[in-house]
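Got a structure for you, written out below as structure tokens; questions coming shortly.
The values are calculated or read from the model by the stated rules, or taken from the named source; none is laboratory data. Small disclaimer: the values here were computed from a predicted structure and weren't measured. Ideal geometry is used to build each Cβ from the backbone, glycine not excepted, and the neighbour counts take in all protein chains shown.
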Amino acid sequence: MTSPRILLADDHRLMLEGLQRLLVGFGEVVGAVEDGRAAVDAAERLHPDLILLDISMPIMNGFEAARQLRSLVPDCKIIFLTMHTDPMYATEAFHAGGAGYLLKRSAATELILAIQMVLGGKPYVSPMIVRDMLRPFINGAVKSASPIVLSAQDQEVMSMTANGRTVTEIADALEIPVEDAVACISRIVEYLGLHSAN
């Protein structure tokens, strides 16, 4: 696979610089902008493969930008990169057209995996967010309308995620590659009904 062309959109210059460093050797950063309107304009002009998009930005927030991007550059994948830990934000991100939801505090360890999953056609959500989304299911407050179709390994990963374990900790405990743990979390995300509106 050729290096993905990536557009960065975040209103904090230090975050943009940090992301560029994390992506060295993995992807080509084709642009870095500081507001939602600029993200839409740059995406139309540059046609990136993927956009790392903050939610809270001036001029136009990330959700509104994603809705516009969905129609203007439909082949481009969007990963929301944010500090918001409330699962409601993740749900809204997917409804707006996102394919991934990554916490800024997890970017150093999860960014490349998240991009690989999303470009491979799978949704990605930081395990910390998945944990909070799973609580009602684990506590029995919510019953699924359809039977669970998760493997035994998926269910182990779900339990560990609900208990706050990181992807690396899960992979180590189950003696599986980190990529396999991420794939399990991706299946759990699909089970929870988080799909891009694309």
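Would you confirm whether or not the range 1-11 contains a residue that is touching a Lys or Arg at 6+ places or on another chain (Cβ under 9 Å) and either crowded, with 23+ Cβ neighbours inside 10 Å or among the polar types (S, T, N, Q) (or both)?
Yes, the range 1-11 contains a residue that is touching a Lys or Arg at 6+ places or on another chain (Cβ under 9 Å) and either crowded, with 23+ Cβ neighbours inside 10 Å or among the polar types (S, T, N, Q) (or both).
Right, something else. Name the residue that is surrounded by the most Cβ atoms within 10 Å (Cβ to Cβ), counting only residues in the range 103-127 that are touching a Lys or Arg at 6+ places or on another chain (Cβ under 8 Å) and of a type in the set (A, V, I, L, M).
VAL118
Let me ask something else. If you check PHE26, PHE94, which single one turns out to be under 22 Å from SER186 (Cα atoms) and surrounded by 18 or more Cβ atoms within 10 Å (Cβ to Cβ)?
Result of the check over PHE26, PHE94: PHE94.
Continuing with the same structure: Right, LEU81: outside any strand (DSSP E or B) and in contact (Cβ under 8 Å) with a residue 60 or more places away in the chain or not?
When the stated conditions are applied, LEU81 does not pass them.
Do the conditions hold for MET57, that is, is it without any contact (Cβ under 8 Å) to a residue 60 or more places away in the chain, out of contact with any Ser or Thr (no Cβ under 6 Å at 6 or more places or on another chain) and either surrounded by 18 or more Cβ atoms within 10 Å (Cβ to Cβ) or among the basic types (Lys, Arg) (or both)?
yes
Now for a separate question. Do you know which residues across the range 1-51 are in a helix (DSSP H, G or I) and within 21 Å of ARG70 (Cα to Cα)?
Hits for the range 1-51 are GLY36, ARG37, ALA38, ALA39, VAL40, ASP41, ALA42, ALA43, GLU44, ARG45, LEU46.
How many residues are in contact with a Lys or Arg (Cβ under 6 Å, 6 or more places away or on another chain) and either buried (at least 22 other Cβ atoms within 10 Å of the Cβ) or outside the structural domain of THR91 (by TED's automatic domain parsing) (or both) when one looks only at the range 29-49?
1
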